[in-house]
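**Q** Below you will find the structure I want to go over with you.
The values are calculated or read from the model by the stated rules, or taken from the named source; none is laboratory data. Since the model is a prediction, treat every value here as computed from it, not as a measurement. Glycine also receives a Cβ, built like all others from the backbone with ideal geometry; neighbour counts cover every protein chain displayed. Surface accessibility is based on the protein's heavy atoms, side chains included, excluding ligands, DNA and RNA. Shrake-Rupley method; radii C 1.70, N 1.55, O 1.52, S 1.80 Å.
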Amino acid sequence: MFLALRHRAVLGPRTTLFVARQPPIRFASTTGHFNARGVWNDVLLRWRNASKNGKRVTYLTGGTSLAVLGLLLVDGRDSDEATDSHDVKALSRVPFGKLFTGWIAFTFCSSPTWVDISETLYNVLSRIPILESITDFFVIRTFFNQFLGGKTTDDCIPKIQALRYNHIGTLLGYNIEAELDGSSKDPRLIRIQTKHVLESIEAQGKLGREFCPDTARTSGDSRSWVRIKVTGLLPHPIALLHGSNAILEARDAKGLDKDVPYPGLPHDGDWEAALSGKQVTASDRRQLLDLYSTLDMIMKRGRENNVRIIVDAEQTWYQPIIDSLTDELMQKYNTLDGPATCVASFQAYLRRYPQLLEQQIQRAQEKGYKLLFKQVRGAYIKTEGERWTKEDRQGPGPVWGTKAETDASFNYGVEKALRAVSKQIQESGCSVLGAVFATHNSCSVDLGIRLLEEYGLAERRSDGKLIVSNEAAGSVAFGQLYGMKDDLTNKIVGSVTTKDGFPLVVKSMSYGDLKECLPFLARRATENKAVLEGRGGARSERVRLGREIRRRLLPWTSY
């Protein structure tokens, strides 16, 4: 009886351990002794003589393998977070490769150290010729594949179709934006950005007509949307800053917003003030007019393709002019006699938000247009605080002081919007308000689902599932980022629907070139590091995927 070893282990560039050529290791069935001592001694000798680099590679490979295996085996065993049956079912259909690369991505994201150094590390490694291709391969297969739709709209289409098959809509956006320090951008990138936005609209319009040929039942909405960032559509963001400051000065001269936290509320005359301010240069004015023309062209293309265009909210020092532009475009493209196109973005972490929402609902009613908005908590909390302190401003900053206050502000928006939708439907049979509650917070989602039933916008079926009325379906949606909080998305899909399967949840899907998108993702990870570390963040995502991987590898273990 014998055992022949046929493995070859590479210890370094000059030292190779050959085991296959050794004599067979013979076991004696009577004495229990075997003639392997010589082989073992030879192995130890070769290991002692191995180069330091060879040993490091072996340690790294073995250690990493053991760490990965250990994390997969223990992930979830010490977690007290409940699993949702709808999510378990959805996870069982995800390909194993997608599960594993996603698990790797969230393992890195759950480490604050990795989040902090990610962008710098990528920039360093991508400059080393030998490591550049390896780094790009790893990043594309893990982070890029997990959080982005692809490099082009064509790459995104199969993923959009797969989501729609599961009753999930999409919000598509090309990732290129201004630097957070306001530095200038190559004008060629502006043309590229605009070109990609128009391509996204055409692609989403075609998919929308395929998925939802008759939008009359859903307030003209197909749940095939496109998002844009205003800072990515002009060469010098300083023009936005100058225009915003001019707006604030004009409001102050009129005595407006005395009791409204910074950066105030949009008013008639804001756009004109932005163009005529004292500090607004001729170059600023030309860029702002070009920006309006670009936005107008985008909205027009959106209306032609019945695609809603979401204007992302940004830092507060740019927000007055973004508010002004959005207000002008909503009045033009959200008229009550046709499909509404322009969607504003409201940040609930700003102290002004309750007053802003109240004013915007009233303003839309008075001026006769449909108010569409995406409600988010906010993504610039770190830079907002830093800038407020740097400028030595007095009083509390623009952002709520605690997470509890931000949560209360967001939930106020959910309740206010759903109550308004319900009232409008009861009075006229339709709603002229549409809200997207973009959140990864399960408590806010649970509140929204409960209020749908409480306000008469949905009825509960005998199987416990809520059915939203056709009148409300086009006016209410939830949203999460693509590749994140899929458990929450799956819970929404499994808990509430419409008679025709019209999506009540959308995924915000970004796409673009790797080198364009990685800085964007790194900045978002840094801004939201506290969220990634906390309950429901990257660690929970890692545990969730680890459970499913372990179930497939070790089917006898409990979920």
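**Q** Take THR406 and decide whether it is part of a helix (DSSP H, G or I), at pLDDT below 95, over 24 Å from SER224 (Cα atoms) and of a type outside the set (A, V, I, L, M, F, W, C).
**A** On the way: part of a helix (DSSP H, G or I): yes; at pLDDT below 95: no; over 24 Å from SER224 (Cα atoms): yes; of a type outside the set (A, V, I, L, M, F, W, C): yes.
So THR406 does not fit the description; no.
**Q** What residue, of GLN360, GLN394, is assigned to a helix (DSSP H, G or I) and more than 23 Å from the chain's Cα centre (by Cα)? Talk me through it step by step, then tell me what you get.
**A** On the way: GLN394 fails: assigned to a helix (DSSP H, G or I).
Result of the check over GLN360, GLN394: GLN360.
**Q** Within region 414-455, which residues are free of Cβ contacts under 8 Å to residues at least 60 places away in the same chain, touching a Ser or Thr at 6+ places or on another chain (Cβ under 6 Å), over 19 Å from ILE492 (Cβ atoms) and not hydrophobic (A, V, I, L, M, F, W, C)?
**A** GLN424
**Q** Residue check: is ILE190 under 16 Å from GLY483 (Cβ atoms) and surrounded by 17 or more Cβ atoms within 10 Å (Cβ to Cβ)?
**A** When the stated conditions are applied, ILE190 does not pass them.
**Q** Which condition from (1) crowded, with 24+ Cβ neighbours inside 10 Å; (2) more than 16 Å from THR439 (Cβ to Cβ); (3) basic (Lys, Arg) is the one that LYS374 breaks?
**A** Only one criterion is unmet by LYS374, namely (2).
**Q** If you check THR153 against the conditions, is it open to solvent by less than 10 Å² (accessible area, probe 1.4 Å) and at negative phi?
**A** Details: open to solvent by less than 10 Å² (accessible area, probe 1.4 Å): no; at negative phi: yes.
No, not satisfied.
**Q** Go through the residues of region 332-355 one by one and say whether even a single one is within 15 Å of VAL436 (Cβ to Cβ), without any contact (Cβ under 8 Å) to a residue 40 or more places away in the chain and not in a strand (DSSP E or B).
**A** Yes, region 332-355 has at least one match.
**Q** Let me ask something additional. Just wondering, is there one or more residues in region 307-322 that are surrounded by fewer than 20 Cβ atoms within 10 Å (Cβ to Cβ) and over 22 Å from the mean Cα position of the chain (by Cα)? Walk me through how you get there before you give the answer.
**A** Going through region 307-322, the residues surrounded by fewer than 20 Cβ atoms within 10 Å (Cβ to Cβ) turn out to be none.
Looking for residues that are surrounded by fewer than 20 Cβ atoms within 10 Å (Cβ to Cβ) and over 22 Å from the mean Cα position of the chain (by Cα), one finds none in region 307-322, hence no.
**Q** Right, next: Return the only residue of ARG251, ARG227 being touching a strand residue (DSSP E or B) at 6+ places or on another chain (Cβ under 6 Å), within 17 Å of ILE322 (Cβ to Cβ) and at pLDDT 95 or above. Give the steps one after another, and end with the answer.
**A** Details: ARG251 fails: touching a strand residue (DSSP E or B) at 6+ places or on another chain (Cβ under 6 Å).
Every option except ARG227 fails the conditions.
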